[in-house]
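*Asks:* Just dropping this structure here.
Rule-based calculations on the coordinates, nothing more; no lab input. Since we're looking at a predicted model, the values are computed, not measured. Glycine also receives a Cβ, built like all others from the backbone with ideal geometry; neighbour counts cover every protein chain displayed.
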Amino acid sequence: MQSSDGPARPMLSRVDDWVSRLNRWLVAAMLAATFGIVFANVVLRYLFGWSLTWAEEVARYLMVAGAFFGAGLALREGRLVAIEFLQDLLPLQGRRVVRITIAVMMLLFMAALVWFGSEFVVFGWRRSTVATDIPRGIPYLAIPIGAALFVIHLLFFLRGYVERDFAHDDGPVEAEGV
């Protein structure tokens with residue numbers, strides 16, 4: 001009989017890697033498109049006196065989508081704001097309890113964001129954007145998709161987050177006995 005970490009572990013690692021790569025690619029593409037649109041619009045405006053009417057709206061939607069899509073990646077890489085002072089005063093088991101509580105709160109919040117964001121998409125689908133005249137539900141999709149990506153990243157990241165000892169100034173260190 002195989003252990004629970006046997007063949008399933010490499011498969012989960014491959015899925016995790018694939019999701020992370022896809023997510024990074026999407027964020028990079030959105031930010032590159034935002035840069036390209038804004039740069040083109042500035043050049044057109046100042047060199048030729050002509051502007052793309054849709055550029056500001058599309059760039060704004062891409063920036064918002066990039067932020068929502070990148071939040072889970074930022075969590076994994078430790079780039080989200082965290083106040084760990086009180087947690088660091090606790091013994092290792094207390095830190096684990098605090099991190100489990102934080103993780104559950106994040107999961108609940110993001111699950112609610114997926115739910116209410118989906119309702120927002122449906123509500124926005126009946127109205128059009130100003131410059132591009134597309135349903136507002138399309139850019140609003142960034143909310144539930146970004147929150148769902150955050151949940152996926154958190155679930156893949158959860159065990160390592162809870163088990164690690166973050167009380168050291170030199171970065172995360174493996175917890176004892178793990």
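*Asks:* Under 8 Å for C-alpha pairs, at least 6 residues apart: give me the relative contact order for region 1-92, rounded to a whole percent.
*Replies:* 30
*Asks:* If you count, for each residue, the other Cβ atoms within 10 Å and average over each peptide, how do 151-160, 57-66, 80-89 line up from highest to lowest?
*Replies:* Ranked from most to least packed, the peptides come out as 57-66, 151-160, 80-89.
*Asks:* Along the charge dipole of the chain, Cβ charges K/R +1 and D/E -1, which of M11, F120, A82 sits furthest on the positive end?
*Replies:* It is F120.
*Asks:* At 20 °C and 1.002 mPa s, what whole-number value in µm²/s does Stokes-Einstein give for the translational diffusion of region 102-146, with Rh from the Kirkwood sum over Cα pairs?
*Replies:* Here the translational diffusion coefficient equals 194 µm²/s.
*Asks:* I need the shape label for region 64-108. Rule: rounded when a/c is under 1.5, else prolate if a/b > b/c, else oblate, with a, b, c from the alpha carbon gyration tensor.
*Replies:* Prolate shape, in that a/c is at least 1.5 and a/b is the bigger ratio.
*Asks:* Using the Kirkwood radius over Cα pairs, work out the Stokes-Einstein diffusion coefficient for the chain at 4 °C and 1.567 mPa s, in µm²/s as a whole number.
*Replies:* D = 68 µm²/s.
*Asks:* If you average the C-alpha positions of region 108-127 and of region 61-83 separately, how far apart do those two centres end up, in angstrom?
*Replies:* Each part's Cα centre sits 19 Å from the other's.
*Asks:* Next question. Just from its helices, what would the mean residue ellipticity at 222 nm be for the chain, if runs of 4 or more DSSP H residues each count -39500 (n - 2.57) and the sum is divided by every residue, rounded to the nearest 500 deg cm²/dmol?
*Replies:* Computed mean residue ellipticity for the chain: -24500 deg cm²/dmol.
*Asks:* Report relative contact order for the chain in percent, whole number only (criteria: Cα-Cα under 8 Å, sequence separation at least 6).
*Replies:* That works out to 23 percent.
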